[in-house]
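Below: one structure, written as structure tokens.
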Amino acid sequence: MASARVASPKSSYLNSPSKNRVTSSPTSRRTATPTPSAATSPATAGRRVNSSPRSPVRQSNALIYRRCLLFLLNAETSPTFPFCEETYQARSRIRWPPWPHRLDSGHAKAQSGDEPVKRSPSNSQYRPVELHNIPLPTTGGQVTGEVKMPSGKVDKALIKDNRDGTVSIQYEPHEEGLHELHIHYNSEHVQGSPFKFFVDSLQSGLVTAYGSGLTHGVCGEACNFTISTKNAGSGGLSLAVEGPSKADIGCTDNKDGTVSVSYLPLAPGEYKVSVKYADKHITGSPFTSKITGEGRKRNQISVGSNSEVPLPAAGRVADAELRALNASIQAPSGLEEPCFLKMLPNGNLGISFTPREIGDHYVSVKKLGKQIQGSPFKIKVGEREVGDAKKVLVSGKALLEGKTHTDNTFNVDTRKAGYGGLSLSIEGPSKAEIKCKDNENGTLDISYRPTEPGYYIMNLKFADHHVDGSPFTMKVTGEGSNTQTERIKRERTAVPQTEVGSKCRLAFKIPGVSTMDLSACVTSPSGVTEGADIGETEDGSYGVSFVPTMLGVHTVSVKYNDVHIPGSPFQFTVGPLRDGGSHRVHAGGPGLERGEQGQPCEFNVWTREAGAGSLAISVEGPSKAQIDFKDRKDGSCYVVYNVSEPGEYRVGVKFNDKHIPDSPFRVYISPEQGDAHKIEIGQFPDSGCAPNKPQAFIVRKNGAKGEFDAKVVSPSGSEDDCFISAIDTDIYSVRFLPRDNGVHYVHVKFNGVHIPGSPFPLKVGKEDADPAAVHAAGPGLIKSLTGHKTDFIVNTCSAGCGTLAVTIDGPSKASMDCTDVEEGYKVRYTPLVPGDYFIAVKYNGFHIVGSPFRVPCTGELLASKGVTETSSVMVETVTKVSKKSAQAALPVFKSDASKVTSKGMGLKKAYMNKQNTFSISASDAGANLLFVAVYGPKGPCEEVFVKHLGHNSYQVTYAVRDRGDYVIIVKWGEDHIPGSPFKVEV
């Protein structure tokens with residue numbers, strides 16, 4: 001009897017492909033009992049393919065989905081087996097404009113040095129190769145193709161324009177073996193190129209496989225191929241599809257010695273299609289199929305159900321003391337996890353945790369690293385309290401099928417399952433809105449609302465383990481939202497290694513700003529901060545330049561009007577890169593935040609720290625986008641896209657087929673500005689204004705017809721309306737009250753559309769949070785072990801007060817907490833599943849340098865593995881000063897006072913009771929501090945004002961009250977500038 005084979009589990013999660021395996025069986029929900037073929041031999045007639053029930057096989061220590069079919073072959077006939085999975089072809093085609101230039105006559109030229117292949121007669125001994133529906137960009141251009149043969153020669157491929165945004169390829173092989181098909185569009189590889197396919201002889205007498213499904217496909221659409229078993233003899237044939245997603249397999253016996261196979265990939269990426277005969281791979285197997293298309297959209301929720309246990313021996317604890325305490329609980333097996341301390345209604349201290357094991361648990365409560373009185377506390381956990389996912393009952397038609405734009409509801413009953421958290425995630429062609437209603441009787445009604453038809457996968461866990469039947473596959477039908485997607489892909493080469501003493505440059509582009517409003521500084525690995533030069537290039541970009549003096553990771557801060565630009569602070573490694581990958585790519589710019597219909601939307605992408613790889617940009621929304629890409633050849637690039645319809649868009653940025661941090665970005669494209677471009681802002685408050693003091697600015701309508709409104713958004717995200725009053729015809733005063741320290745954003749809209757420059761950033765207070773001053777370190781950022789508590793410190797000294805947010809993404813949820821320590825905050829977490837975890841640390845919404853951190857985890861599997869799980873904690877910080885830095889020395893400056901220049905009447909002659917001015921330029925004098933003093937007949941001058949204009953340029957204003965001779969002293973650091981001290985007569 002045939003039996004299903006299961007691949008050995010893998011320990012890697014994010015880097016290993018998922019495997020899908022399904023057994024062909026008569027008891028399957030979508031399976032019919034096979035009937036013997038008329039030509040089946042008596043020895044095999046009536047034999048069942050597999051007597052066991054069909055069900056997904058879940059690996060114990062890896063996210064591995066694998067679909068596999070196994071059946072027997074007869075010497076004279078093709079195999080007999082059931083049709084095991086109904087396939088669904090999601091044909092979402094997008095109109096594609098006619099080619100600006102005609103398609104290449106279909107053939108690519110042989111490369112120089114390669115000998116062209118002479119064509120043989122059409123009656124070839126090899127089966128013709130046909131590849132269909134290869135998607136192309138819509139920007140217009142020329143397509144070329146070439147085939148590299150096993151011998152190294154280059155052959156021609158016939159290209160056919162399908163007039164629907166795709167092309168088809170036809171090729172007559174002349175050699176046996178592995179071939180490579182290169183499809184270029186305007187000299188760039190199309191998505192998925194190069195494609196690999198295997199050619200074998202028609203008369204080999206062996207089992208062979210052919211078809212486009214062995215080479216390429218589109219996610220969400222069936223991929224097809226054929227297996228020929230003619231004259232192959234008897235034996236067992238098994239199929240397996242292994243890749244980034246679950247891929248259901250369907251088969252049909254053609255009764256002519258061939259088998260038609262289809263599989264349904266649900267995510268883009270590289271899939272391995274294995275075809276075995278008599279337990280051995282057939283020639284060319286495993287085949288590599290490149291699946292293109294946009295990745296799956298995902299949404300998730302978590303519902304807590306923890307056990308609360310009092311600790312009476314701990315006594316009563318004041319609220320102020322609770323903040324300084326942290327707790328962890330150790331299970332009988334040795335598993336130790338952080339747990340939450342809370343004040344119970346009776347005033348006693350208690351803990352909240354998820355019971356995982358039966359037996360005695362020990363709770364350690366510490367204050368500043370020392371056990372409090374009575375700690376550790378003993379807690380006994382009974383059988384009823386331990387969460388058991390097998391006892392969770394799930395019911396409802398929505399577990400099998402659903403409708404678009406409709407709430408599809410199912411019920412979850414946890415009444416007999418004990419304590420545990422319920423987590424749910426749904427992946428599919430659209431991001432489905434999830435709602436959860438607690439019926440307050442131990443049951444929940446959960447609904448999902450997708451906007452696109454197709455197949456969706458739902459992972460449902462209780463107490464970190466899959467419930468019975470999870471993951472569920474739901475077929476969603478109905479009308480889509482008519483979203484359109486455009487994407488481009490470019491290869492990125494690694495930037496040459498930067499050495500100590502060489503000039504380093506970091507480029508960016510922000511439309512509508514001036515170098516006078518930009519400032520930059522660089523912090524070395526030793527903590528020394530120095531100013532950096534900012535220069536403008538011919539194409540309107542800006543570049544930060546500095547010369548490093550040591551190896552290691554430097555922090556580059558770039559600010560516009562004292563506010564970090566998107567992407568800042570930047571990580572800049574001098575010397576060899578420590579680790580690369582998609583988590584080291586960052587993107588920022590106005591085009592990832594907002595945009596206007598019909599206007600260019602621009603943003604930057606920095607890939608320098610990630611190394612070499614492929615960068616893919618996609619824009620999805622109500623209209624097709626035109627995307628332009630400019631490579632600066634320095635590890636950064638500039639992207640511009642333009643859309644014709646307003647609405648919400650999703651901008652995806654992937655590196656090596658993985659989303660970068662914060663991708664995909666949600667961008668709202670507003671309608672055309674109309675008269676909004678006429679609106680002007682005047683007398684906007686200066687950066688650094690005091691909190692809790694009213695601020696005001698002027699709005700001029702300049703004849704624009706309509707109404708405008710304004711609001712202010714604080715650093716915490718709270719919104720407050722501004723007070724608007726008319727002061728003249730078409731002139732209005734806008735007043736508001738900023739209450740918090742930090743960066744506020746003032747939104748000004750006219751007829752519902754943002755005016756140019758809105759929202760306007762305003763820095764309030766002097767001690768706002770600076771993410772560039774925050775650092776994280778500790779063993780928990782280097783490596784971890786399942787079931788073992790680990791930690792790291794986030795140092796917020798000298799960073800001001802703000803909001804600290806820590807998020808952990810990985811193959812399992814991680815119990816975590818955050819406690820106050822002397823130098824900042826300690827974050828503790830316990831992973832349960834091996835794999836790579838990505839820890840993002842943000843301060844006031846900005847990634848700190850090094851974030852997100854990739855932390856490999858090893859050890860045994862302690863929970864069910866599923867899709868990426870997210871755990872997070874957020875803390876409002878207080879200002880901290882390290883004892884070590886209280887007597888910190890001044891930075892080491894490198895400057896030359898002889899290169900400072902000065903000019904202005906204020907250095908020669910002054911007038912009583914008037915403002916006398918002069919200017920100083922130290923742009924070529926290096927970094928240092930400017931000292932100005934004015935001394936007269938009766939002592940120091942009463943008023944001296946020094947204003948930094950940017951790039952080490954200053955304006956000095958002073959006023960004198962008495963006649964006589966004055967002396968003006970100007971020093972750059974410890975040295976006088978040329979001409980100092982200056983003698984001035986009043």
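Read-outs: derived from the displayed coordinates by stated rules, not from any lab. Remember, predicted model here, so these are calculated numbers, not experimental data. All Cβ positions, even for glycine, are placed from backbone atoms using ideal geometry, and neighbour counts span all protein chains on display.
Determine ³J(HN,Hα), in whole Hz, for all residues of the stretch 171-177 in sequence, where each value follows from phi through the Karplus function 6.51 cos²θ - 1.76 cosθ + 1.60 and θ = phi - 60°; x replaces Gly and Pro.
3J(HN,Hα) across the stretch 171-177, in whole Hz: 8, 9, x, 10, 9, 9, x.
Run the dipole for the stretch 486-670 about the Cα centre, Lys and Arg Cβ at +1, Asp and Glu Cβ at -1, nothing else charged, and hand back the magnitude in debye, nearest 20.
520
Which net charge results for the neighbourhood of Trp972, defined as the other residues with beta-carbon distances under 10 angstrom from its beta-carbon, given Lys and Arg at +1 and Asp and Glu at -1?
-1
Treating cross-link reach as a plain straight distance, find the lysines whose alpha-carbon is under 16 Å from the alpha-carbon of Lys503, omitting any fewer than eight places away in the same chain.
Reachable lysines: Lys633, Lys894.
Please report, in debye to the nearest 20, how large the charge dipole of the stretch 674-764 is about its Cα centre when each Lys and Arg carries +1 at its beta carbon and each Asp and Glu carries -1 there.
Roughly 100 debye for the stretch 674-764.
Suppose R0 equals 35 Å. What FRET efficiency, 1/(1 + (r/R0)^6) with r the Cβ-Cβ distance, do Ser953 and Asn656 give to the nearest 0.05?
0.20
Enumerate the calculated ³J(HN,Hα) couplings along the stretch 669-680 in order (Karplus 6.51 cos²θ - 1.76 cosθ + 1.60, θ = phi - 60°), each rounded to whole Hz, writing x wherever the residue is Gly or Pro.
9, 7, x, 3, 5, x, 6, 4, 6, 7, 6, 10
If I take R0 = 60 Å and measure r between the Cβ atoms of Tyr560 and Glu180 in this structure, what FRET efficiency does the formula 1/(1 + (r/R0)^6) give, to the nearest 0.05?
Here the calculated transfer efficiency is 0.80.
Using θ = phi - 60° and the Karplus curve 6.51 cos²θ - 1.76 cosθ + 1.60, what whole-Hz ³J(HN,Hα) does each residue of the stretch 723-734 get, with Gly and Pro shown as x?
Karplus-based 3J(HN,Hα) across the stretch 723-734 equals 8, 10, 9, 7, 10, 5, 4, 6, 10, 10, 9, 10 Hz.
Within 10 Å, count the other beta carbons around each residue, average over each peptide in 679-687, 808-816, and list them highest first.
Numbers: 679-687: 15.1, 808-816: 24.4.
Descending packing order for the listed peptides: 808-816, 679-687.
May I ask which of Lys160/Lys255; Lys367/Lys842; Lys431/Lys461; Lys763/Lys971 have a Cα-Cα span longer than 23 Å here?
Values: Lys160/Lys255 32 Å; Lys367/Lys842 26 Å; Lys431/Lys461 19 Å; Lys763/Lys971 30 Å.
Where the Cα-Cα span goes over 23 Å, the pairs concerned are Lys160/Lys255; Lys367/Lys842; Lys763/Lys971.
Could you rank the peptides 477-486, 612-621 by their average count of other C-beta atoms within 10 Å per residue, with the highest value first?
For the peptides 477-486, 612-621, the packing ranking is 612-621, 477-486.
From the alpha carbon gyration tensor of the stretch 897-985, can you work out the equivalent ellipsoid semi-axes (sqrt of 5 times each eigenvalue) and give them in Å, largest to smallest? Walk me through the intermediate numbers first.
Numbers: eigenvalues 100, 32, 22 Å².
They are 22, 13, 11 Å, listed from largest to smallest.
Please give the length that would be gained between Lys630 and Glu383 if that part of the chain were fully extended, namely 0.36 nm times their separation in residues minus their C-alpha to C-alpha distance (nm, one decimal). Spell out each step's value before the answer.
Details: separation 247, 0.36 × 247 = 88.92 nm, distance 6.19 nm.
So the chain would gain 82.7 nm between Lys630 and Glu383.
Tell me which lysines have Cα within less than 25 Å of Lys705's Cα, excluding those fewer than 8 residues away on the same chain?
Straight-distance partners of Lys705: Lys678, Lys749.
Just the C-alpha atoms of the stretch 388-483: what Rg/Rh do they give, with Rh taken as the Kirkwood radius?
Rg/Rh: 0.99.
Would you please report the Å³ per residue occupied by the convex hull of the alpha carbon atoms in the stretch 658-788? Working shown, then result.
On the way: hull volume 21.5 nm³, N = 131.
Per residue, the Cα convex hull of the stretch 658-788 comes to 164 Å³.
Answer with one residue from Phe572, Ile534, Val544: the one whose Cα lies farthest towards the positive end of the charge dipole of the stretch 529-615, charges on Cβ with Lys, Arg +1 and Asp, Glu -1.
With unit charges placed on the Cβ atoms, the residue in question is Phe572.
Convex hull volume of the Cα atoms in the stretch 486-670, per residue, in Å³?
Taking the convex hull of the Cα positions in the stretch 486-670, it is 108 Å³ per residue.
Can you grab the distance from the C-alpha centre of the stretch 941-962 to the C-alpha centre of the stretch 538-576, Å, no decimals?
With the stretch 941-962 and the stretch 538-576 each reduced to a Cα centre, they are spaced 30 Å.
Over the stretch 771-876, what per residue volume does the convex hull of the Cα atoms give, in whole Å³?
Numbers: hull volume 8.3 nm³, N = 106.
Dividing the Cα hull volume of the stretch 771-876 by its residues yields 79 Å³.
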